Amino acid sequence: MTVDLPERNGPLAEIHVVEFGGYGAGPAVGKSLAEHGAEVIRIESMLRLDGFRTNYPPYTGNIPGVERAAMFAITNDNKLSVSLNLKSEKGRDLAIKLIERADVVVENFTPGSMDRLGLGHDAMMSRNQKLVTLSTCNQGRTGPQANRAGFGSHLTSLSGFTELTGWPDRQPALLWGPYIDYIAVAYGAVAVLAALEQVRRTGVGCHIDLSQYETGIQFMAPALLRYFVSGEVTHREGNRDPNAVPHAVFPCLGEQKWCAISIHDDAEWLRFANEVGEPWAKEPELSLVSERRAQEDRLEELISGWTAGQSRESLVERLRKAGVHAAPVNDMGDLYADPQLRYRGTFQRVDHPVMGEHAVPGPPFILSDTPGKVTHGAPTVGQHTEAVLCGILGLSKAEFEELQLSDVLK
Amino acid sequence: MAGSVEQTPAPLSGLRALDLTGELGWLLGRILADVGVEVQKIDPPGGDPGRNMEPVLEGPNGSVSASWVAYNMGKSRLDLDLGTVEGRERFLELAGEVDFILESEEPGVLDDLGIGWSILHERYPSLILTSVTPYGQDGPLAGVPASDLELMSAGGAVWLTGDADRPPVRMTLPQSICWAGSYAAVGTLIAHHHRQITGQGQHVDMSAQAGLLPALVHAPSFFDLLGENPLRAGGYLVGRNINGAAMRNIWPCRDGYVTWAIYGGAAGRQSNRGMVEWMDDNGMAPESLKSVDWSTFDVATVTLAEVSEMEAAIAAFLETVSKAEFLEQADARRLLGYVVSTAADIAADEQLEARQVWSESFVPELGQTLRFPDGWLKIDGIRHGVASSASGGM
């Protein structure tokens with residue numbers, strides 16, 4: 001039998017992961033592991049498709065389709081897909097066999113679902129003593145809100161981020177997508193890697209109960225500490241900052257071209273003023289931070305007038321050369337062309353049987369000896385079912401064909 | 001889960017790290033401490049300049065940066081002047097006693113001091129060095145300074161947020177340092193896993209700019225697949241609908257804002273229906289909304305005009321409810337939404353309290369005990385955190 005499984009290399013090549021659930025918070029943890037060599041088997045079902053396959057544009061050619069969604073494609077690269085109907089007994093049996101040989105289960109069903117399927121961590125521990133299970137959900141598996149369903153975009157608001165985004169005289173602005181999910185992804189990956197160390201030491205597996213809310217408020221901690229100490233509530237301030245002035249985003253030549261500039265001390269202001277060269281920039285009182293703060297509205301207007309006629313690229317280069325903090329406000333297209341991201345190979349291109357060639361963001365960090373890699377695109381639903389069931393679990397061709405006639409592999 | 005102090009050691013207890021980082025790397029060491037690593041923060045003479053960053057906390061003994069306290073909690077401290085020969089010799093000795101070194105200097109600075117990766121790796125082949133910098137160790141932008149605003153801009157996050165009629169905005173609380181620190185922790189632990197197999201350490205090169213890409217989720221893909229650049233839309237959600245309709249997501253209520261949207265899918269249908277029923281119970285659901293057949297409603301293909309009419313009625317209703325009422329009804333009616341919390345709301349949250357997220361530690365710089373978010377790591381029902389770790393306190 002030919003086993004159609006991609007080759008894996010990397011520091012996590014010995015780690016076997018089985019993934020249940022969908023959307024971002026669980027599967028993106030699997031992505032981080034898979035990009036460093038782990039075998040990650042996604043259990044999917046045609047009967048209950050991952051929301052990232054069905055609910056989120058963009059789709060290739062702007063035509064919705066299970067195998068056309070970028071959201072799924074960028075979250076599940078390097079993985080294997082096995083199609084199993086967990087409502088069928090035989091489907092659950094096969095899932096159990098995969099868990100028996102796994103080091104890690106990642107799941108983000110609503111709390112209790114894995115137990116009801118007979119796949120919960122406690123039940124699996126009797127079959128696999130060394131199993132690490134990561135359960136990640138909105139607010140954790142215990143407490144009064146444990147069973148509250150919700151989307152990451154809303155949880156981002158509950159965790160305080162939305163209140164801090166936008167203009168003080170306007171209602172808050174949304175962050176893009178399920179911002180908080182990807183905070184929980186970093187913490188979730190850390191938790192899994194730490195738990196694997198615990199297993200190495202003790203020989204015994206464990207269960208991680210990760211609350212996306214609890215990881216999100218780590219990114220909120222300074223505002224929370226401030227509230228606890230003084231009772232002061234931090235509010236959105238547009239682009240302003242208490243440590244730098246001016247500190248804003250300015251218009252440049254062209255449609256929606258913006259440049260970020262921030263001035264962190266008096267010396268930097270003098271370098272900036274020298275570069276600007278206009279009379280207002282030379283006003284002696286502006287060399288004092290207190291005066292720049294007092295005149296911040298006026299300064300932003302004057303600087304906007306100065307930047308508006310300049311190309312973003314030449315302005316950024318000029319300011320950086322002068323020793324002034326500056327950066328382009330990169331739009332999504334700019335990111336793919338960004339010289340630094342290109343140099344690091346952060347976006348990697350893969351081929352996909354339906355989507356064709358497309359970009360996948362790889363890890364934001366580079367390991368000197370074993371850098372992470374996007375080796376292949378996301379699987380189609382059940383693409384590796386036969387390879388995994390026959391090649392790994394040892395089913396015969398006849399047994400597999402019999403399952404194909406039933407609802408087990410749907 | 002009784003009590004926050006547990007005898008069970010955290011998973012990485014016994015491992016040690018030297019933390020030379022400034023602001024950009026603080027959270028990396030904090031997360032390693034969260035999972036049990038004993039982290040010693042090395043400060044230059046006169047202390048970490050980041051201690052003075054605004055906003056500062058004021059206590060009976062003095063003031064210190066809120067961000068500095070939050071992300072250095074749980075680390076022990078050592079003053080060491082790496083500008084002197086003795087300081088560097090001491091550092092190289094200490095490096096032999098630890099498993100990780102964390103730093104965020106401009107690329108090349110440690111090499112110039114004679115304590116960079118090549119020296120460390122030669123002396124201590126199993127040591128892991130993690131460097132967190134704005135753009136990474138090499139490449140055209142390596143060494144270009146950047147604060148949060150530049151990183152959020154260069155990383156694509158600023159582009160996506162704000163009102164359409166004003167410049168794009170960054171989140172008021174710096175986030176790039178958090179994305180950089182947390183994903184650097186992932187890279188560091190993957191390198192640790194590799195070391196457990198091979199005995200070899202590695203240099204982990206974290207770029208804070210690249211660290212923002214996870215926060216953008218699928219926004220870049222709109223350009224990759226369709227050549228589109230999603231434009232900031234204030235409190236509206238874009239990118240869910242093939243007609244380009246934006247769905248309202250932020251709604252003023254009596255005492256602040258709530259977040260909720262018209263959705264598709266099974267859960268979305270229940271949520272939409274629940275909202276209309278709640279409005280109807282209060283006599284505020286117009287016939288046009290009551291007559292929508294949610295079982296066939298498709299959020300991906302609805303038109304902007306249809307959405308706007310629905311949203312006008314919902315907005316009028318939500319202005320009459322409080323945040324507390326919204327949370328209560330959202331729970332009872334399975335609405336997909338939450339409130340837009342302030343720090344005060346989070347501090348009072350019953351779920352966080354029930355899950356024992358908060359710890360307290362004495363902060364000498366302030367001269368007072370401080371509450372902070374801690375116990376995110378829960379393994380087998382045991383809550384770990386820096387307040388109960390070996391290094392403890394500040």
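The values are calculated or read from the model by the stated rules, or taken from the named source; none is laboratory data. Source: prediction; values computed, not measured. Note that we place each Cβ from the backbone using ideal geometry, even for glycine, and neighbour counts take in every protein chain shown.
Things to note:
- Screening the candidates B:P140, B:P107 for the property of being farther than 16 Å from B:I177 by Cα, modelled with pLDDT of 95 or more and more than 9 Å from chain A (Cβ to nearest Cβ) yields one hit, B:P107.
- A:H264 meets all of the listed conditions (1) in a helix (DSSP H, G or I); (2) within 30 Å of B:S131 (Cα to Cα) but one, namely (1).
- Residue match in the stretch B:269-283 (condition: crowded, with 20+ Cβ neighbours inside 10 Å and in a loop (DSSP other than H, G, I, E, B)): no
- Contact map, the stretch B:101-116: first residue assigned by TED's automatic domain parsing to the domain that holds B:F91, second residue assigned to a helix (DSSP H, G or I) and surrounded by 21 or more Cβ atoms within 10 Å (Cβ to Cβ), Cβ cut-off under 6 Å, separation 6 or more or different chains; pairs are B:L102/B:G25; B:L102/B:L28; B:L102/B:G29; B:S104/B:L24; B:S104/B:G25; B:I115/B:F91; B:G116/B:L110.
- Looking across the stretch A:132-145, just one residue is surrounded by fewer than 24 Cβ atoms within 10 Å (Cβ to Cβ) and either within 30 Å of B:T172 (Cα to Cα) or more than 9 Å from chain B (Cβ to nearest Cβ) (or both), and that is A:Q145.
- Candidates in the stretch B:328-376 are the residues that are polar (S, T, N, Q), within 7 Å of another protein chain (Cβ to nearest Cβ) and under 25 Å from A:S135 (Cβ atoms); of these, the one that is farthest from the chain's Cα centre (by Cα) is B:Q351.
- Residue check, B:E353 surrounded by fewer than 16 Cβ atoms within 10 Å (Cβ to Cβ) and farther than 24 Å from B:A245 by Cβ: yes
- Helices (runs of 4 or more DSSP H) wholly inside the stretch A:108-203 containing at least 2 residues that are within 21 Å of B:A10 (Cα to Cα): A:121-125, A:179-202
- A:D181, sole failed condition from (1) within 17 Å of the chain's Cα centre (by Cα); (2) at the interface with another protein chain (Cβ under 7 Å from one of its Cβ atoms): (2)
- Filter result for B:A185 (under 25 Å from the mean Cα position of the chain (by Cα), part of a helix (DSSP H, G or I), within 29 Å of A:T165 (Cα to Cα) and not polar (S, T, N, Q)): yes
- Qualifying positions in the stretch B:147-169 - over 23 Å from the mean Cα position of the chain (by Cα) and free of Cβ contacts under 8 Å to residues at least 24 places away in the same chain: B:D165, B:R166, B:P167
- Scanning the stretch B:243-265 for any residue that is over 23 Å from A:S159 (Cβ atoms) and either modelled with pLDDT of 85 or more or in contact with a Pro (Cβ under 9 Å, 6 or more places away or on another chain) (or both) turns up nothing.
- Condition check for A:F219: of a type outside the set (S, T, Y) and modelled with pLDDT of 95 or more: yes
- Of B:T172, B:T188, all but one fail to be assigned by TED's automatic domain parsing to the domain that holds B:V35, more than 22 Å from A:L341 (Cβ to Cβ) and out of contact with any Cys (no Cβ under 6 Å at 6 or more places or on another chain); the exception is B:T172.
- Conditions (1) crowded, with 21+ Cβ neighbours inside 10 Å; (2) facing another protein chain (nearest Cβ under 7 Å); (3) part of a helix (DSSP H, G or I); (4) free of Cβ contacts under 8 Å to residues at least 60 places away in the same chain: number failed by A:F272: (2)
- Across the stretch A:35-51, the qualifying residues are those that are of a type in the set (D, E, K, R) and within 20 Å of A:D407 (Cβ to Cβ), and the one among them that is surrounded by the most Cβ atoms within 10 Å (Cβ to Cβ) is A:R42.
- Residue within the stretch B:315-322 that is surrounded by fewer than 16 Cβ atoms within 10 Å (Cβ to Cβ), in the same structural domain as B:G283 (by TED's automatic domain parsing), part of a loop (DSSP other than H, G, I, E, B) and of a type in the set (S, T, Y) present: yes
- Residues of the stretch A:214-235 that are in a helix (DSSP H, G or I) and either closer than 17 Å to B:L366 by Cβ or more than 7 Å from every other protein chain (Cβ to nearest Cβ) (or both): A:G216, A:A221, A:P222, A:A223, A:L224, A:L225, A:R226, A:Y227, A:F228, A:V229, A:S230.
- Residues that are at pLDDT 95 or above and under 23 Å from the mean Cα position of the chain (by Cα) do not occur anywhere in the stretch A:296-309.
- Residue in the stretch A:12-34 that is surrounded by the most Cβ atoms within 10 Å (Cβ to Cβ), counting only those that are in contact with a Gly (Cβ under 6 Å, 6 or more places away or on another chain) and over 28 Å from A:Q139 (Cβ atoms): A:L12
- When the residues of the stretch B:130-146 are filtered to those that are surrounded by fewer than 24 Cβ atoms within 10 Å (Cβ to Cβ) and in contact (Cβ under 8 Å) with a residue 24 or more places away in the chain, the one that is nearest to A:A221 (Cα to Cα) is B:P145.
- Residue within the stretch B:285-305 that is part of a helix (DSSP H, G or I), under 34 Å from the mean Cα position of the chain (by Cα) and modelled with pLDDT under 90 present: yes
- Subset of the stretch B:193-238 (residues that are in a helix (DSSP H, G or I), facing another protein chain (nearest Cβ under 7 Å) and closer than 18 Å to B:I101 by Cβ): B:H193, B:H194, B:Q196
Condition check ((1) among the polar types (S, T, N, Q); (2) in a strand (DSSP E or B); (3) in contact with a helix residue (DSSP H, G or I) (Cβ under 8 Å, 6 or more places away or on another chain); (4) at negative phi) across all residues:
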position: A:L94; (1), (2), (3), (4): no, no, yes, yes
position: A:K97; (1), (2), (3), (4): no, no, no, yes
position: A:A102; (1), (2), (3), (4): no, no, no, yes
position: A:V105; (1), (2), (3), (4): no, yes, yes, yes
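- Some residue of the stretch A:152-172 being at pLDDT 95 or above, within 19 Å of the chain's Cα centre (by Cα) and of a type in the set (F, W, Y): yes
- Selection count where residues are of a type in the set (A, V, I, L, M), facing chain B (nearest Cβ under 9 Å) and either loosely packed, with under 14 Cβ neighbours inside 10 Å or not in a loop (DSSP other than H, G, I, E, B) (or both), scope the stretch A:288-337: 4
- Every condition in (1) within 19 Å of A:S311 (Cβ to Cβ); (2) out of contact with any Cys (no Cβ under 7 Å at 6 or more places or on another chain); (3) of a type in the set (A, V, I, L, M) is met by A:A326 except one, and the failing one is (2).
- So B:G47, is it more than 14 Å from every other protein chain (Cβ to nearest Cβ) and either farther than 22 Å from B:L151 by Cβ or modelled with pLDDT under 95 (or both): yes
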